[in-house]
Amino acid sequence: MKAGLLAALATLAVAARGSAAPPADLLLLNGKVFTADPAHPWAQAIAIRGERIVAVGERAAVEREAGRGVRRLDLGGRVVIPGINDAHAHVGPELPGTPIAVKGMEPSFDDVLAAVREAAAAAPAGGSLKGEVGWTALSDPRATRAALDEAAGGRPVVLECWTGHDGLVSSAVLRAAGIGEESWNPPGGFYGHLTGTRTLSGALHEYALWRLTRRLRSEVPAEQAVRDVHAFEQQALRFGITSVQDMSNALRRDAFVRLLAQARPILRWRVITFPMVEPSQPDLDEGPEVPAHPTPLVTVSGTKWILDGTPVEARALMRDAYADPAGRYGQGNFRPEAVLAAIRRGGADPLLLHAVGDRIIAQVIASMQQLGGEATWRPRRLRIEHGDGLMPDLVDSARRLGIVVVQNPSHFTIGDVLSRRYKPEVRARFQPLRSLIAAGIPLALGSDG
Ligand SMILES: [Zn+2]
């Protein structure tokens, strides 16, 4: 290691302690410590007091922080990294019910029906069933609540697509949720209909699904909900995740904050409001205001809107027509004026917009330019969640507007779907990552878990 760097690190260690700071009670020694500081990315040792790192640097400098009775942990050359932030997750109570057993992510609708029959035969009388299926089954013309009603003997059944954007429920679920057979679409979402009628088929898309599943999740008993939060935390910790940003679609914001208070989390949580209303309307559904820091490890900030679908169901809103299904361009969840209203709301409270297709991203950029442009938006760091369609011609505007992109690596696992959906020239430019970094666009990753 260069002498200059050594000196810098020693200064860092001393500066961190200061004269009056109490000594460290834990030293991590003999490691390969990644600091994420480009000026000196690697160090050997860390001194910790309570929950705070008080020094990072060479062993000798860090040793000087030791108090009486300090614990020394020999890392044996192992790598130490800062805790990973999961920048995009959906955590909350699991849906109630017995899971159906389907193989793979894209079972046929016949496979799904067979699994529903099997689960119905085994589950307690009248108990609900649930399952995660794919778009193959949900887009089957026979995928209706009548088919689920028959297979499940009238039980409540909730099937969700693994994309999270679509579902199919049995008649008992619609009835229990007070959704009439000819209901109008809710803001941002839509129901499927039996061909040629106004009668709901049981299919739920976008916000129609999230409204219903939020209702079901809010009925999960608190002890179970707390267990689900703990299970998520344990799984996250195994990946080195120590903080999580939750798009709180599972529960109303105040209910999720209460759940976290009960769960006494070990991770740091950011709770992001997920309104179920038109962006031009007030969030009456989110319950009372909550403090920005309701408990020490929980922060409440930001609002998330989902503006379009995904390539899986061909609803990511595109400028070029899909190759399959040919002639389609995808579908936005809100009218352009409502998108503008969502962006207008993004002032002091950070704004996060799920935007996948290049058409919706172009619309977001145009709206930002209309509402004050760079001067207004650069400091606000508007987030585009996913940004798969942030095509080369949009990158420079996005950079100048200070847009931050948060992508989920799970989106990179559907190459076969993308190759089918998009013409080769579109596919070739879809899902940029390295080019965003090269352009200077801040990029973070999330689990979408
Ligand atoms: Zn998501």
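Structural remarks
- Residues (over 27 Å from the mean Cα position of the chain (by Cα) and under 21 Å from H205 (Cβ atoms)) located in region 118-154: D140, P141, R142, A143, T144, R145, A146, A147, L148, D149
- Which listed residue is acidic (D, E) and touching a residue at least 24 places away in the same chain (Cβ under 8 Å), from D110, D86: D86
- Identity of the residue in region 37-78, buried (at least 20 other Cβ atoms within 10 Å of the Cβ) and free of Cβ contacts under 8 Å to residues at least 24 places away in the same chain, that ends up farthest from P22 (Cα to Cα): Q44
- Taking the criterion of being buried (at least 19 other Cβ atoms within 10 Å of the Cβ) and outside any helix (DSSP H, G or I), the residues of region 343-371 that qualify are G346, L351, L352, L353, H354, A355, V356, G357.
- Residues that are away from the ligand (no atom under 16 Å from the Cβ) and polar (S, T, N, Q) within region 82-137 comprise T98, S108, S128, T136, listed in sequence order.
- Options D140, D149, D111, D86: the member that is surrounded by 14 or more Cβ atoms within 10 Å (Cβ to Cβ) and assigned to a loop (DSSP other than H, G, I, E, B): D140
- Condition check for Y322: within 29 Å of R427 (Cα to Cα) and touching a helix residue (DSSP H, G or I) at 6+ places or on another chain (Cβ under 6 Å): yes
- Selection of region 398-410 for residues being buried (at least 19 other Cβ atoms within 10 Å of the Cβ) and either polar (S, T, N, Q) or touching a strand residue (DSSP E or B) at 6+ places or on another chain (Cβ under 7 Å) (or both) yields I403, V404, V405, V406, Q407, N408.
- Single residue of region 428-449 satisfying the filter (within 16 Å of the ligand (Cβ to nearest atom) and farther than 19 Å from D393 by Cβ) that is modelled with the lowest pLDDT: G449
- Restricting region 9-36 to residues that are over 26 Å from I84 (Cβ atoms) and exposed (fewer than 15 other Cβ atoms within 10 Å of the Cβ), the residue that is modelled with the lowest pLDDT is T11.
- Some residue of region 372-386 being at pLDDT 95 or above, among the basic types (K, R), closer than 21 Å to Q407 by Cα and crowded, with 22+ Cβ neighbours inside 10 Å: yes
The values are calculated or read from the model by the stated rules, or taken from the named source; none is laboratory data. Note that the structure is predicted; figures quoted are calculated from it, not measured. Note that we place each Cβ from the backbone using ideal geometry, even for glycine, and neighbour counts take in every protein chain shown.
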